[in-house]
Structures are given as C-alpha cells and as structure tokens.
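To start, the structure under review is shown below, and the notes come after it.
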Amino acid sequence: MKLPQLKLTRPAFVDKMSPRERRLLSIASWAFGVIFLVALPLYMVISLSFKRSEIQDLRAAADAVQAARVQVRDRQLKKDAILARYQNRAPELGGFLDQKARAQKLEVSESSDRPPLPIGTSKRYTERATTIRLKKAGLLPLTEFYASIEQAPHPVTISKLSMRKRDKDSYDVEVTVSAFDRAPDAPEKKPTAETTEPGKATP
C-alpha cells in the first residue's frame, strides 16, 4: 500500500514576485529561522535561570524561618530554665555559705547579712546579700567553693569578691553572695458576666 505523497505548493503571490524579491524573501526566511533557533534556546536558558533564582530565594527564606524558629525555641528554653530556677528559692544565705565552705574544709570567720533590697520599679524581684570572710584559705578549695555557689540550683551569684594573699598558697577572702527572690504571679481575675433579664435595662 502506497502512502499518499504530500505536495507543497508555493503561495500564488510568490510566483508573481520578481527573482530579486524571491531572493530577498528567501534570505528573510532563513534569517527568521536562524533567529528562531537561537532565540528559543536562549529564552529557555533565561527562563530556567529565573526559576533557579526563585527556588534559591525560597530555600533561603525557608532556612531563615527555620533558623528563627530555632532561636525562638532556644530563647523560650532559656526563659523556662530561668523561671524554674527562680521557683527554687534560695535558703538563708549564712547557713548556705557555711555549708558550702565546710564541704571544701574552709571556715567562715565572719558573716553579715544585708537587708533585702527591691529591684526595679515593679518590685517583683528582691535581692538578699550576705558577706562572709575566710582566712588562710587555699586556692584550690576556694575555686571549688566558688564553683559550688554558681552551680547551685538556686538564683544565687557572687556579686563581690576580694582576695588578699598571705603567703604562697594562703589567702584572706571577703566574698558577697546575692540571692534573688521572685514574687509569685498574681492570680488571674476571671471576668464576671453580667446577666440581665429580657426587656429590663441594666441600671
């Protein structure tokens, strides 16, 4: 079975053209074809470049959002840890420091308490401070003593420290330790719903 052959016929206006016009038309056709063959791949390359740029921008935005979420989560964890530490109120500082000192075989020679001092305008936080003196204390026991204070599960910190060397490994020390107390949260007031009977105005 023979397939029908397709015959391409030239438009009638081409036959009416002069040889010079036909040559110009042929040149224009070839030029259009070359431009089309060059422009199509160029358009595709530019389009892909824009899409890649958009994808990179979207990835960068997603990474920034994820990083922000991690930062918010870390801040919340730190905040929760601080609040949990404030809930564990520090004991009386004189006995607390004496216990920590004895654990390192240090002896407190003198102790003095400072009256509680409100902090900030809200006065929600209060600072208690106690100053103790240690005599002829070794450097290693002192280091362990300081570390035990800072690592305590209470909101306490060393706010002032003075050391005077006596001999090779003996120091006279005056250290002030502050404890911070946080007032409990005020109970939330529940809104009271006022009910009125139908047809009666509220006075």
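Derivation of every value follows stated rules applied to the coordinates shown; laboratory data play no part. Source: prediction; values computed, not measured. Positions of Cβ are backbone-derived with ideal geometry, glycine not excepted, and every protein chain shown enters the neighbour counts.
Remarks
- FRET efficiency, 1/(1 + (r/R0)^6) with R0 35 Å, evaluated for Gln56 and Leu140 via beta carbons: 0.05
- Residues of the range 120-154 with amide N under 11 Å of a point placed 7 Å along Cα→Cβ from Arg182: 125
- Kirkwood hydrodynamic radius (C-alpha pairs) into Stokes-Einstein, the range 93-182, 4 °C and 1.567 mPa s, D in µm²/s: 95 µm²/s
- Cβ-derived FRET efficiency at R0 30 Å, Gln66 paired with Ile46, nearest 0.05: 0.45
- The range 93-182, relative contact order [Cα under 8 Å, separation at least 6], %: 31 percent
- Shape class of the range 35-155 from the Cα gyration tensor (axes a ≥ b ≥ c, square roots of the eigenvalues): prolate, since a/c reaches 1.5 or more and a/b is larger than b/c.
- Close amide H pairs (under 5 Å, H built 1.01 Å from N) link Ala129 with Arg114, Ala179, residues at least 5 positions away or on another chain.
- Calculated FRET efficiency, Ala103 to Arg73, Cβ-Cβ distance, R0 = 41 Å: about 0.65 to the nearest 0.05.
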